[in-house]
Amino acid sequence: MVNRRQFLAGSSAAVALSAALPAWAQNSDPSGAGASLTALLETFFQEDLRRRPEAATNLGLDTGDLAGLRSRLGDRSAAGLAAEREAAASQMRRLAGIDRRSLSGIDAVNYDCVAYVLSNRLETYKRFDFGRPGERSPYAISQLTGCYQSTPTFLDTKHPIATQDDAEAYLSRLEAFATALDQDTERLDHDRGVGVVAPDFLLDTTLTQMRALRVDADKSDLVSSVAKRAKAKGIEGDWAARAAGIYTSKVLPALDRQIAAVEAARRQATHDAGVWHVKDGDAWYVDGLRANTTTTLSPDEVHKIGLDQGREITARLDAVLKAQGLTKGTVGQRIKALYQDPASFYPKTEEGKAQLIADLGVRLADVVSHLPQYFSTLPKAKAEVKPVPAQIDAGAPLAYYQSPSLDGKRPATIYFNLHDTGEWPKWALPSTLYHEGIPGHHLQVALAQETAGIPRYRSNMFFSGYGEGWALYAEQLADEMGMYEKEPMGRIGHLKFLLFRAGRCVIDTGMHHKRWTREQAVKYMVELTGDTESAMTRETDRYCAWPGQACSYKIGHTMWVRLRDQAKKELGPKFDIREFHHAGLSSGSMPLDVLSLVIQDYIKARQAA
């Protein structure tokens, strides 16, 4: 894995994983070990789908032999967790049966990435007996984890209803939701028993969201969703009454049991923000930082990187602000002053929110028109912009991306949290759109899904350091593409969000390693970036629930920029940004050390051409 010296100096010294040529430089082995690996990874993919029915639906693959998955939800019980552990161990044993030394090109990249994921997953299962390792959170239930906050939206927006069988499957899943709630409650109780309880402020938000979900059947989206969509498709049946019966008799009691359990946990909770306060919390954080950044950078090293880069970005932002006549106060104070201009915001009405989403759609189409100058290959899958569902926006991130289905029937979705449009000045929207959508997550994820030679098991992997680093690099690329030439305030937004990501490295390590308080972290971010206290409070709470994840953005961005600078320097006139992007994206998501080796091979191949 990349260590601090290699990360900062750009050394190409040997790392834990073997070098591999990028897919464009060498064909995959059509027979022998390469073919065996491809077949094995498809087997892994099928196995994982059968254990995770929601993933099959999200990808549009719950058809044919997998059609039975459409009526199921994943097993969140202790037995289900044990099955996940055994599956990882079994897959690792079978992967080890293939000779890594006989692989090259995309086959070697595939092997190394899968081995990395499985070995880390097994290590996490071995060391920690709390939380949900697959969700990278120490807390089974929080404002961001637990089926109570994910399954209702999944059923409403991802579960298809085109036939009577689909509607029946919805009812089966609604009933399964009650079981899943009880399984999460059992996990919460287990974790409380071993000394793992989320901070009090996270549980307060969790309870707010749960109580908003707990409404009578005639007001529940869980009931109305199936009825409305079945009616729209002309599917006969008393779907509302049947859904209401399941909801009232099974879901509500399970939800009440979970609310009672969370209330009990809340009475036991402390106000300590960092994961250090739970059993094995310090070790969990080191593990989470490693898993999310795919480096061996220590918490202290990441903290220093955040501070150093924060100072550099602040200086750049200062110059841009001065060029706009904004000279008084600190950078954070000047940014905060921009939030006071009413003309910078959409109205806090449903009409205002609708206009915001519509304007982002226009901007998305504009950036797409510039892509051919920077990318030799573009995805077929489209992307659309939507607001975060109102029932979960109180605890959801400010924005996020959801990948398209593999069957091409559902486009990707770029979600913006419009809980308070006062958190979204117009100058802050473009950079986030480019990050979450195009040329950010959508370009990277959809290309991985569509690129031949990347097995489906791998194309649906996501390494946060690589993916979030690319998305932050995409914000910078949008500036280089000229997206702010006629909109200088948008460049302020770009640099402000770059500073925001550097600040994340500081407060994430601050809370989880240096034992900062939540209030200390929020104050730091407000002063650094000028953001509203409400937005920074919600973001800070996110980092409390997902230790280490927030650091992956700036660490990954730094690696992408460093590798591009290296390629420019070593290739000189032979450098083509389209080839660089193709080299970095054509092999799918990967650990940062593998990305570094892929780019080294791209440089060597281009030099020899």
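Points worth noting:
- THR294 being farther than 21 Å from THR540 by Cα and buried (at least 21 other Cβ atoms within 10 Å of the Cβ): yes
- Among the numbered conditions (1) touching a Pro at 6+ places or on another chain (Cβ under 7 Å); (2) without any contact (Cβ under 8 Å) to a residue 40 or more places away in the chain, the only one that GLU312 does not meet is (1).
- Any hit, segment 201-211, residues being surrounded by 17 or more Cβ atoms within 10 Å (Cβ to Cβ), under 21 Å from LYS158 (Cα atoms) and of a type outside the set (Val, Ile, Thr): yes
- Flag for HIS370 being assigned by TED's automatic domain parsing to the domain that holds ARG501, closer than 30 Å to SER586 by Cβ and of a type outside the set (Ser, Thr, Tyr): yes
- A single entry from ARG173, ARG229, ARG187, ARG192 fulfils the requirement of being among the charged types (D, E, K, R) and either without any contact (Cβ under 8 Å) to a residue 40 or more places away in the chain or surrounded by fewer than 19 Cβ atoms within 10 Å (Cβ to Cβ) (or both): ARG192.
- Of the criteria (1) at pLDDT 95 or above; (2) under 23 Å from the mean Cα position of the chain (by Cα); (3) assigned to a helix (DSSP H, G or I), which one GLN149 fails: (1)
- Residue check, ALA108 surrounded by fewer than 19 Cβ atoms within 10 Å (Cβ to Cβ) and either under 16 Å from LEU595 (Cβ atoms) or of a type in the set (A, V, I, L, M) (or both): no
- Identification of strands (runs of 3 or more DSSP E) wholly contained in segment 349-432 with 1 or more residues that are farther than 25 Å from THR540 by Cβ and aliphatic (A, V, I, L, M) yields 383-387, 412-416.
- When each of ALA35, ALA20 is tested for being at pLDDT below 95, hydrophobic (A, V, I, L, M, F, W, C) and not in a helix (DSSP H, G or I), the lone residue that passes is ALA20.
The values are calculated or read from the model by the stated rules, or taken from the named source; none is laboratory data. These numbers come from a predicted model, not from an experiment. Neighbour counts are summed over all protein chains in view; Cβ atoms, including those assigned to glycine, are modelled from backbone coordinates with ideal geometry.
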